[in-house]
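What follows is a single structure, written as structure tokens, with notes after it.
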Amino acid sequence: MENKEYTRGLNELLASYQIHYQNLRSLHWNIKGNAFFELHVKYEELYNRSQVIIDELAERILSIGETPLSRFSDYLETSKISENPIIHDGATGVQYILETQQQLLVLEKQLIAVSSEEDDEGTNALLSDLIREKEKTNWMFKSWLKH
């Protein structure tokens, strides 16, 4: 793959997911209050899914002949998502998820436009699935916040 900007974008998405994964672990560990039981389980579901996505992204980068970032210092430097402070409140945690997933959606939609130009159907399919999944999850979390 000749487009280094494309590879940088994929690694930026990978790094962003790595920071998001750790933020989700923190939410899972630190949730308190009335919504503890439901959110503790949901956060675990989300970080497990993020772990799978991280692996898929890294393997996709390798499959197009490039090298995925793999050092945490590189993730912190490259990620569009920042590390969270400790969050105990359920509504604040869900708001974090909505905001972060929106950031990830922006990156994914930018990359899917480039993957189409690059005629990279494998990446296109992966990103399409991530976008669809995230849009549905966002709808659900928005509905939860309105309860």
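Each reported figure results from applying straightforward, stated rules to the coordinates on display, with no laboratory input. Keep in mind that this is a model prediction, so the values were computed, not measured. Neighbour counts run over all protein chains shown; Cβ positions are idealised from the backbone, glycine included.
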From DSSP H assignment alone, runs of 4+ in the chain each adding -39500 (n - 2.57), the sum over residues rounded to the nearest 500 puts [θ] at 222 nm at -27500 deg cm²/dmol
Mean separation of Cα contacts under 8 Å (at least 6 apart) over the residue count of the chain, i.e. the relative contact order in percent, is 31 percent
The helix 4-30 Cα axis meets the longest alpha-carbon principal axis of the chain at an angle in degrees, between 0 and 90 and rounded to 10, of 20 degrees
Debye calc, one equal point scatterer per Cα of the chain, no solvent, log10 I(q)/I(0) at q = 0.16, 0.17, 0.19 1/Å comes to -0.83, -0.92, -1.11
In degrees rounded to 10, the 0-90 angle between helix 90-117 Cα long axis and the longest Cα principal axis of the chain is 10 degrees
The size of the Cβ-based charge dipole (Lys, Arg +1; Asp, Glu -1) of the chain about the Cα centre, to the nearest 20 debye, is 780 debye
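Using the Kirkwood radius over Cα pairs, work out the Stokes-Einstein diffusion coefficient for region 68-147 at 20 °C and 1.002 mPa s, in µm²/s as a whole number.
Working: Rh = 14.4 Å.
So the translational diffusion coefficient is about 149 µm²/s.
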Measuring from the longest principal axis of the C-alpha atoms of the chain, the long axis of helix 36-63 (C-alpha) lies at a number of degrees, nearest 10, equal to 10 degrees
One finds the C-alpha centres of region 1-60 and region 82-143 to be spaced, in Å, by 10 Å
Sorted by chain and then number, the residues having a modelled amide H within less than 5 Å of the amide H of residue 80, at least 5 places away or on another chain, are 16
